[in-house]
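What follows is a set of notes on a single structure, which appears directly below.
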């Protein structure tokens, strides 16, 4: 778990390393949220706790709950997921229809086929 936490934090930090001026504050909140969650989980793995370690855990939990709303903006609702699934199905259906109409194996007519047909029709 500790290695996973370090990898996750590293990936997040690299991903968010060059924010523009509009993204600085949200990126800091996201890093703070993930850091506090990881710190809490690492402290929770101690075999025994003292009042000091418990107070650290309470601080980390409080910080996490203060900053977790940054991720709510990007949460996918069930309705959004259903709409995306319907759109994917429609696109697949259209692709299948196009590939059945076109003789080319990639689902599109080659340019030479179209040019040959036009020139043949123009000379007849």
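The values are calculated or read from the model by the stated rules, or taken from the named source; none is laboratory data. Owing to the predicted nature of the structure, the values given are computational and were not obtained by experimental measurement. With ideal geometry, Cβ positions are generated from the backbone for all residues, glycine too; neighbour counts draw on all protein chains shown.
Selection of the stretch 8-32 for residues being in a helix (DSSP H, G or I) and under 17 Å from the mean Cα position of the chain (by Cα) yields 8, 9, 10, 11, 12, 13, 14, 15, 26, 27, 30, 31. Residue 58 meets the conditions (1) modelled with pLDDT under 85; (2) assigned by TED's automatic domain parsing to the domain that holds residue 10 in every case but one. The failed one is (1). Residue 49 passes every criterion in (1) part of a helix (DSSP H, G or I); (2) surrounded by 10 or more Cβ atoms within 10 Å (Cβ to Cβ) apart from (1).
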